[in-house]
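Inspection log for the structure reproduced underneath, given as structure tokens.
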Amino acid sequence: MKELLPHLGKPRPERADAARNRALLLETARVLVAERGASDVTMDELAARSGLGKGTVFRRFGSRAGIFQALLDEEERSLQQAVMGGDPPLGPGAPGLERLIAYGTARISFLFDNHEIARATLDGGQKAPAGESPLSRLHIRMLLGEIKPAFGDLDVLAAQLTGALDGPLMLQLPAEDLSSATVERQRKRLMHGWTELVTQICGP
């Protein structure tokens, strides 16, 4: 079956200098996150470290939350590329159930690896979003169509499985569960839970 995944919106064409500024700001943001964590990154510091004016930062991203949303979107595109053209079982070429297990475990790892940035996309004045990835539901629905589990409504099942991955999961876990002492244990538990869930629903 042909992959029919939704491509994340492509940025509008930019002037060369605008594109350079955007790339510089995102790379500077990554460095600052690695140095001190996303919660301590400020617009003033981002402007100073990048050598650009604060007005340029606001024009590019609108707000502090917008910077982290742009970082998260770039990581999402990398996951999408792996799903569409990477090695199996995450990419094409493996049986549907294997790909479904691989996608769920990859998505869980994505959320663990990016949980701090995901939290920083919230501006403090809004509730946690529903958090559904543009990639997840259509991809899961496509795989369910290939697997053909004994379930009456595959659209509903796809929505429910998407919710199991994108609650948003990492925004609901307490910060202590994401500490260095417990993060790998939590990651493995959730991956194991996903594998058991879809195997029970979709297995022979």
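The values are calculated or read from the model by the stated rules, or taken from the named source; none is laboratory data. Note that the structure is a prediction, hence the values are computed from the model and not measured. As a convention, Cβ positions derive from the backbone with ideal geometry for all residues, glycine included, and neighbour counts pool all protein chains shown.
Picking from GLN69, GLN80, which residue would you name as being surrounded by 14 or more Cβ atoms within 10 Å (Cβ to Cβ) and modelled with pLDDT of 90 or more? Don't jump to the end; show me each part of the working.
Working: GLN69 fails: modelled with pLDDT of 90 or more.
Of the residues listed, the single one that is surrounded by 14 or more Cβ atoms within 10 Å (Cβ to Cβ) and modelled with pLDDT of 90 or more is GLN80.
Suppose the filter is modelled with pLDDT of 90 or more, farther than 16 Å from GLN160 by Cα and under 12 Å from the mean Cα position of the chain (by Cα); does ALA106 pass it?
Values: modelled with pLDDT of 90 or more: yes; farther than 16 Å from GLN160 by Cα: yes; under 12 Å from the mean Cα position of the chain (by Cα): yes.
It is true that ALA106 is modelled with pLDDT of 90 or more, farther than 16 Å from GLN160 by Cα and under 12 Å from the mean Cα position of the chain (by Cα).
Taking only pairs six or more apart or across chains, which ones have beta-carbon atoms under 8 Å, a first residue in segment 14-41 that is within 19 Å of ALA65 (Cβ to Cβ) and modelled with pLDDT of 90 or more, and a second residue that is aromatic (Phe, Trp, Tyr) and assigned to a helix (DSSP H, G or I)?
Taking only residues 6 or more apart or on different chains, the pairs are LEU25/PHE61; ALA29/PHE68.
Given the criterion surrounded by fewer than 13 Cβ atoms within 10 Å (Cβ to Cβ) and in the same structural domain as LYS188 (by TED's automatic domain parsing), identify the matching residue among GLY85, GLY104, GLY53.
Numbers: GLY104 fails: surrounded by fewer than 13 Cβ atoms within 10 Å (Cβ to Cβ); GLY53 fails: in the same structural domain as LYS188 (by TED's automatic domain parsing).
Result: GLY85 is the single residue among GLY85, GLY104, GLY53 that is surrounded by fewer than 13 Cβ atoms within 10 Å (Cβ to Cβ) and in the same structural domain as LYS188 (by TED's automatic domain parsing).
Given (1) surrounded by fewer than 19 Cβ atoms within 10 Å (Cβ to Cβ); (2) among the basic types (Lys, Arg); (3) closer than 15 Å to ARG119 by Cβ, identify the lone condition not met by ARG64.
Among (1) surrounded by fewer than 19 Cβ atoms within 10 Å (Cβ to Cβ); (2) among the basic types (Lys, Arg); (3) closer than 15 Å to ARG119 by Cβ, the lone unmet condition for ARG64 is (1).
Inspect all residues belonging to segment 156-170 and state whether any of them is closer than 25 Å to ARG36 by Cβ, assigned to a helix (DSSP H, G or I) and modelled with pLDDT under 95.
Keep residues of segment 156-170 that are closer than 25 Å to ARG36 by Cβ, which gives 168-170.
Those still in the list that are assigned to a helix (DSSP H, G or I) too: 169-170.
Within this subset, residues satisfying the condition of being modelled with pLDDT under 95 are 169-170.
Yes, there is a match, as at least one residue in segment 156-170 is closer than 25 Å to ARG36 by Cβ, assigned to a helix (DSSP H, G or I) and modelled with pLDDT under 95.
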